[in-house]
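Beneath this line is the structure, given in structure tokens, with notes to follow.
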Amino acid sequence: MKKIEIKEGGRTIGMVCVGQALSEVVPLLDGYPAVYVVHDMNVRDKAADLVSVLSGSGVNVCGLMSVEAAEENKNMDTAMRICRWLMESGAERSALLLAVGGGITTDMAGFAASVYKRGIRFAYIPTTLLAQVDAAIGGKTGVNLDSYKNMIGVIRQPQFTWLYPEVLTTLTRRDFLSGAAEMLKTFIISGGDCYRECVDFLGSLNLVPGIAADSKDGFESFLRLNQGRLSDLICAAAAVKAAIVSEDQFETGLRRRLNLGHTFAHAIEWYERAGGTDCALSHGEAVAVGTVLAARLSEASGVSGHGLADRIADNFARCGLPTACPFGLDDLEDAMNKDKKAENGKIHFILIRNIGETIEYDMTAAEAVALLKGAI
Ligand code: GLY
């Protein structure tokens, strides 16, 4: 099993482990007197398999709860439900809450664990690529407040995040690609070679005929055949994220780089939620579009040379990701202003100097949109 540490001032504060078999998670749970498992309803079979492996190996699994992991349920009500379930199940301060699911599940469970009895320990087994390379690493936990994403939450590290790439074979191609967008984003921040390898890998997936977006057929065998390559990419992306979080756990500077493409992506998602359009990009797809917009803004503001944005857009399209903003720039400006991300009116945009090198550049949404209008 590969282990990637998250550190703070030389002290290990978190651990990402990459395993090949379900049973490898058992030693990680050694020494926890009581384990409570919360899982996304959609992965109930996987959660049941896990519980049977754990119980069969002597881990004291004291309860199993399912949540409906949808953005509209990522709220205080669900967090309270998890807390109430822990309380009614008799979970003590020494308990560990183990979350199994995608980023919505891990975010909500991590938050509930962080406030239940003023904080119990928690750990994650992410079951989507997006959560494996991003959401379940780095300790951001939280829930939405009305239509504002992750407005309530804390940064608190899980005991471990256990990555098990095999679990991804049951994703649809579209869900997989949504996570792949975050992986590409990570390598644009740091890791030019991995970026090129990732584009090649995803490009070859896109060339396999007959894999429909929402189908698992064909896609599953492709992933099984390419398990080693995928696992290496996931490890590399997790290592980039762990290194950034080790430098800046509480996002006072460097960690903001991980928001590359997200200012635009959140605006696109905000606009969708507010009902302004019937377009429905997933989070990862919105990040892909947002990253291309960030590249265009990088060119327009002189941070990068000409041609970067087209190159990234071509790469993403080759991978099967969307690259065009579904709304006009004026709507985007409006949505960026409503996203409540601005500080003193300025937004921390992350711009791309080159693949593998980003910088922070503060400007207003209006300034960004004016630059983009000149560039598109
Ligand atoms: N998803 C960005 C971060 O964890 O900082």
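Would you check if there is a residue in the range 102-110 being hydroxyl-bearing (Ser, Thr, Tyr) and more than 17 Å from the chain's Cα centre (by Cα)?
no
Out of (1) closer than 20 Å to Thr161 by Cα; (2) surrounded by 23 or more Cβ atoms within 10 Å (Cβ to Cβ), the odd one out for Val115 is which?
It fails just one condition, (2).
Is there any pair with a first residue in the range 49-64 that is at pLDDT below 95 and a second that is hydroxyl-bearing (Ser, Thr, Tyr) and not in a helix (DSSP H, G or I) whose Cβ atoms are under 7 Å apart and which are 6 or more apart or on different chains, and what are they?
Qualifying pairs under 7 Å: none.
So, in the range 303-323, of the ones that are part of a loop (DSSP other than H, G, I, E, B) and within 21 Å of the chain's Cα centre (by Cα), which residue ends up surrounded by the most Cβ atoms within 10 Å (Cβ to Cβ)?
Leu321
Report every pair of residues separated by at least 6 positions or lying on different chains whose Cβ atoms are under 9 Å apart, first residue within the range 337-359 and farther than 17 Å from Ser301 by Cα, second polar (S, T, N, Q).
Listed by first residue and then by second, the contacts come to Asn337/Thr364; Lys338/Ser147; Asp339/Thr263; Lys341/Asn259; Lys341/Thr263; Ala342/Thr364; Gly345/Thr364; Gly356/Ser190.
Looking at this structure, is Arg257 at pLDDT 95 or above, within 16 Å of the ligand (Cβ to nearest atom) and in contact with a helix residue (DSSP H, G or I) (Cβ under 7 Å, 6 or more places away or on another chain)?
yes
Filter the range 216-244 down to residues that are without any contact (Cβ under 8 Å) to a residue 24 or more places away in the chain, exposed (fewer than 15 other Cβ atoms within 10 Å of the Cβ) and either in a helix (DSSP H, G or I) or within 16 Å of the ligand (Cβ to nearest atom) (or both), then give me how many there are.
3
Would you mention how many residues in the range 255-300 are surrounded by 21 or more Cβ atoms within 10 Å (Cβ to Cβ), over 15 Å from the mean Cα position of the chain (by Cα) and among the β-branched types (Val, Ile, Thr)?
Of the residues in that region, 3 qualify.
Specify the residue that is nearest to Cys62 (Cα to Cα); the eligible residues are those in the range 118-134 that are surrounded by 24 or more Cβ atoms within 10 Å (Cβ to Cβ) and without any contact (Cβ under 8 Å) to a residue 60 or more places away in the chain.
Phe122
If we keep just the residues of the range 125-153 that are in contact with a Phe, Trp or Tyr (Cβ under 7 Å, 6 or more places away or on another chain) and either within 19 Å of Arg257 (Cα to Cα) or assigned to a strand (DSSP E or B) (or both), which is farthest from the ligand (Cβ to nearest atom)?
Applying the filter and picking the extreme gives Ile125.
Is it the case that the range 183-199 has a residue that's more than 14 Å from the ligand (Cβ to nearest atom), of a type in the set (Val, Ile, Thr) and under 16 Å from Leu230 (Cβ atoms)?
Looking through the range 183-199, at least one residue is more than 14 Å from the ligand (Cβ to nearest atom), of a type in the set (Val, Ile, Thr) and under 16 Å from Leu230 (Cβ atoms).
Conditions: (1) closer than 19 Å to Ile13 by Cα; (2) in contact with a strand residue (DSSP E or B) (Cβ under 8 Å, 6 or more places away or on another chain). Gly90 meets all but one. Number of the miss?
Unmet for Gly90, out of (1) closer than 19 Å to Ile13 by Cα; (2) in contact with a strand residue (DSSP E or B) (Cβ under 8 Å, 6 or more places away or on another chain): (1).
Every residue in the range 1-31 that is more than 18 Å from Gln157 (Cβ to Cβ), surrounded by 18 or more Cβ atoms within 10 Å (Cβ to Cβ) and not small (Gly, Ala, Ser), please.
Going through the range 1-31, the residues more than 18 Å from Gln157 (Cβ to Cβ) turn out to be 1-2, 19-24, 26-27, 30.
Subsequent filtering for residues that are surrounded by 18 or more Cβ atoms within 10 Å (Cβ to Cβ) retains 19, 22.
Matches in the range 1-31: Leu22 only.
Where residues in the range 177-209 are hydroxyl-bearing (Ser, Thr, Tyr) and either assigned to a helix (DSSP H, G or I) or surrounded by fewer than 20 Cβ atoms within 10 Å (Cβ to Cβ) (or both), which of them is farthest from the chain's Cα centre (by Cα)?
Restricting to residues being hydroxyl-bearing (Ser, Thr, Tyr) and either assigned to a helix (DSSP H, G or I) or surrounded by fewer than 20 Cβ atoms within 10 Å (Cβ to Cβ) (or both), the top hit is Ser204.
Select from the range 350-376 the residues that are of a type in the set (Lys, Arg) and either part of a helix (DSSP H, G or I) or on the phi > 0 side of the Ramachandran plot (or both) and list them in ascending order.
The one that is of a type in the set (Lys, Arg) and either part of a helix (DSSP H, G or I) or on the phi > 0 side of the Ramachandran plot (or both): Lys373.
The values are calculated or read from the model by the stated rules, or taken from the named source; none is laboratory data. This is a predicted model, so every value here is computed, not measured. Virtual Cβ from ideal backbone geometry, glycine too; neighbours counted across all protein chains shown.
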